[in-house]
């Protein structure tokens with residue numbers, strides 16, 4: 001295994017950024033060179049804690065690190081900041097040969113995400129999206145069950161998310177800054193579970209709303225509640241129901257997969273399998289460990305970046321275009337009142353679903 005270190009900058013020190021920072025600092029592949037956040041005091045505190053430079057200016061940290069690193073040094077930018085305030089600096093980093101690992105979602109919309117994928121290709125750098133649930137024992141077990149046919153002849157897959165008590169940042173309510181509401185910003189990781197296990201749907205239909213009283217105000221805010229119906233084929237349907245409006249605890253996030261003679265319900269802590277008579281045939285209890293899951297994310301990303309390892313990037317930006325196309329279709333459907341086709345969005349972006357599936361295993 002390569003002993004070369006990846007010189008790393010962490011951009012955005014919100015809760016997820018701090019989990020990414022902790023995971024990367026604990027990995028043998030990464031060397032944290034700098035952290036950056038608009039909150040200079042927070043950046044200084046974490047910079048002192050991790051023994052690295054601290055910045056409150058995103059352009060400055062990219063240019064400073066670029067000038068300090070030699071051309072042959074492998075470099076990485078970990079991004080947890082909202083794209084509304086750092087998109088141009090992510091592009092700048094790619095042009096300066098930084099590989100990029102971004103907290104989900106891939107972008108504010110499909111077009112922005114696709115442009116980042118193309119830029120990464122042009123600059124020959126890696127671009128991946130952090131989807132830590134792929135490393136949770138419960139969800140990875142579901143993935144294996146579907147792949148191995150343990151859950152056979154699936155006809156319905158359903159995601160339910162109720163984010164009780166979640167306080168959204170102000171920018172997340174602004175469609176121009178956020179790109180979308182709870183469907184994009186909160187439930188992307190759960191939608192990724194569908195896209196990880198099933199092909200891209202043929203059609204998507206969406207209804208969404210928020211708690212604004214009048215219609216004019218409602219149109220100027222992102223959604224806090226959405227219902228998305230998906231048709232994968234004549235034999236497989238799906239849906240996503242997501243809301244942050246409820247104050248009733250506990251929060252709930254789960255995936256239900258219905259097969260011919262098995263129903264599997266999965267959340268962060270448990271996987272339960274029932275047979276055709278509703279008897280529990282398996283009940284797998286799992287420990288929820290956000291840092292451990294994120295350690296898997298950054299570890300695999302590190303192996304894909306280091307030239308001596310020759311590992312393909314997992315959960316690449318290109319692969320995540322499937323989820324972005326579904327979300328783009330959902331928002332378009334909400335405006336047109338008609339079902340929309342994610343495959344057409346991929347085609348308009350000059351991406352093919354089969355190419356995406358084949359290139360990012």
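Could we say that residue 154 is at pLDDT 95 or above and within 20 Å of the chain's Cα centre (by Cα) here? Please lay out each step first, then the result.
On the way: at pLDDT 95 or above: yes; within 20 Å of the chain's Cα centre (by Cα): no.
Taking the combined requirement at face value, the residue does not satisfy it.
Could you list, ordered by first residue, the pairs with Cβ atoms under 6 Å in which the first is in region 291-311 and without any contact (Cβ under 8 Å) to a residue 60 or more places away in the chain and assigned by TED's automatic domain parsing to the domain that holds residue 72 and the second is surrounded by fewer than 19 Cβ atoms within 10 Å (Cβ to Cβ) and not in a helix (DSSP H, G or I), at least 6 apart or interchain?
Listed pairs, sorted by first residue: none to list.
If you go through region 327-349 one residue at a time, how many are at pLDDT below 95 and either touching a helix residue (DSSP H, G or I) at 6+ places or on another chain (Cβ under 8 Å) or assigned to a strand (DSSP E or B) (or both)?
Within region 327-349, residues that are at pLDDT below 95 and either touching a helix residue (DSSP H, G or I) at 6+ places or on another chain (Cβ under 8 Å) or assigned to a strand (DSSP E or B) (or both) number 1.
Search region 163-175 for residues being assigned to a helix (DSSP H, G or I) and in contact (Cβ under 8 Å) with a residue 12 or more places away in the chain, and hand back the single one that is farthest from residue 83 (Cα to Cα).
It comes out as 173.
Anything in region 65-93 that is part of a helix (DSSP H, G or I), under 22 Å from residue 29 (Cβ atoms) and more than 19 Å from the chain's Cα centre (by Cα)? List them, or say none.
65, 66, 68, 93
Return the only residue of 205, 145 being in a helix (DSSP H, G or I) and more than 17 Å from the chain's Cα centre (by Cα).
145
Can you tell me how many residues in region 148-162 are in a loop (DSSP other than H, G, I, E, B) and out of contact with any strand residue (DSSP E or B) (no Cβ under 7 Å at 6 or more places or on another chain)? Please lay out each step first, then the result.
So in region 148-162, the residues in a loop (DSSP other than H, G, I, E, B) come out as 149-155.
With out of contact with any strand residue (DSSP E or B) (no Cβ under 7 Å at 6 or more places or on another chain) added as a condition, the list becomes 149-150, 152-153.
Residues flagged as in a loop (DSSP other than H, G, I, E, B) and out of contact with any strand residue (DSSP E or B) (no Cβ under 7 Å at 6 or more places or on another chain) within region 148-162 amount to 4.
Give the residues of region 210-230 that are surrounded by fewer than 16 Cβ atoms within 10 Å (Cβ to Cβ) and either on the phi > 0 side of the Ramachandran plot or touching a residue at least 12 places away in the same chain (Cβ under 8 Å) (or both), sorted by residue number.
211, 220
Evaluate region 123-133: report whether one residue or more is under 20 Å from residue 350 (Cα atoms), in contact (Cβ under 8 Å) with a residue 40 or more places away in the chain, crowded, with 17+ Cβ neighbours inside 10 Å and over 13 Å from the mean Cα position of the chain (by Cα).
Yes - at least one qualifying residue is present in region 123-133.
So for region 319-336 (the condition being loosely packed, with under 13 Cβ neighbours inside 10 Å, more than 25 Å from residue 151 (Cβ to Cβ) and in the same structural domain as residue 209 (by TED's automatic domain parsing)), does at least one residue qualify?
yes
The values are calculated or read from the model by the stated rules, or taken from the named source; none is laboratory data. Computed from a predicted model, the values in this text were never measured in an experiment. Neighbour counts are summed over all protein chains in view; Cβ atoms, including those assigned to glycine, are modelled from backbone coordinates with ideal geometry.
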